[in-house]
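> What follows is a structure written as structure tokens; I'll ask about it next.
Please treat every number below as a calculation from the coordinates, not as lab data. As the structure is a computational prediction, the values presented were derived from the model and not from experiment. Cβ sites come from the backbone with ideal geometry, for glycine too, and all protein chains shown count toward neighbours.
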Amino acid sequence: MTVAFVSDIHLTPDTPEILDRFEEFAAHIPSRVQQLYILGDLFEFWIGDDGTDMLGHARAEALLKQISATGVELHFIHGNRDFLVGEEFARRTGCTILPDPTVMEIGSDRVLMSHGDTLCIQDTEHQEQRKRMTSSKWKVAFLDQPLDQRLSTALELRGKSAAAKQEKDMDIMDADQGHVEEVMRQHQVLILIHGHTHRPGVHQFRLDNAEATRIVLGDWHAQQSMLICEDGRYSLYEGERLVGQSISPASPARL
Ligand code: MN
């Protein structure tokens, strides 16, 4: 079985070159890929499933539909940017929306998938904002507003988020190792795949008495970035370049 993972594409009408890159990806997705997991921040922001035309995302949705229509199982986990993606979007594109995090079995491996922002627990400001905005109360109130009002709120939040990032220490915005280990233990996994930090890498470490792996997906700002898992081997690519080396976790990779 071949599974592909991507995240942090950050599609927005302001960056048509990223949509072109995604189109290239959709057109040339290797035919051996049976499942594609999008681990959040596919969109730079999302104002509700009825906002697609206003945000200029009809093309992106058509590309996703094209992927699922060829028989690729398409799955989506919300990112902190596109947490308002809903069931209408899922129906239009042929994807299923999974909770964050989700455990899946690939062969004999148990793999935990997450967007990744919940792992960055040192960024308390982000965690508080996340808690507030992902509450059903906030979401219902937001989605109840007219589209143009939602758009102006989203743009304002995006501006604030960019400004806040400038102020924060890089380390604070990375995954917290202690928390990563706790979450992996809790889900009894030795492989964790996430995005969000835009720091692509393959991190191997001891977890209790086993070899654990955390794979971080890259963003699509300058090139495609994806993880391919094929016959138990995990290979992370930035464009054509392999990041680190392909790894084959000790089988079975489960805690
Ligand atoms: Mn994110």
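> Most exposed first by the Cβ proxy, i.e. fewest other Cβ within 10 Å, how do S152, S235 rank? Display every interim value, and only then the final one.
Working: S152 12, S235 17.
Arranged by neighbour count, lowest to highest, S152, S235 become S152, S235.
> With only alpha-carbon pairs counted, each pair once and no self-pairs, how large is the Kirkwood hydrodynamic radius of the chain in angstroms? Write out the running numbers ahead of the final one.
On the way: mean 1/r = 0.0535 Å⁻¹.
So the Kirkwood estimate lands at 18.7 Å.
> Please compute the length gained on full extension between R206 and A222, using 0.36 nm multiplied by the number of residues separating them and subtracting their Cα-Cα distance. Don't jump to the answer; show the numbers that get you there.
Working: separation 16, 0.36 × 16 = 5.76 nm, distance 3.26 nm.
Contour length minus the Cα-Cα distance gives 2.5 nm.
> If I require 15 Å or longer along the helix axis, counting alpha carbons, and a Kyte-Doolittle average no lower than 1.6, what helices from the chain are left? Use full DSSP H segments. Could the numbers behind the result be given before it?
Values: long enough: 16-28 (18 Å, -0.45); 58-69 (16 Å, 0.26); 147-167 (30 Å, -0.70).
In the chain, no H run is both long and hydrophobic enough.
> Taking the Cβ of each residue in T134, T118, T124 as the centre, tally the other Cβ atoms inside 10 Å and list the residues starting with the fewest.
Values: T134 14, T118 18, T124 10.
Taking fewest neighbouring Cβ atoms as first place, the list is T124, T134, T118.
> Using a cut-off of 15 Å between beta-carbons, work out the net charge of the residues near T124 (Lys and Arg +1, Asp and Glu -1, T124 not included). Show your work: numbers first, answer last.
Details: positive: R130, K131, R132, K165, K168; negative: D117, D123, E125, E128, E167, D169, D171, D174, D176.
Value of the local net charge: -4.
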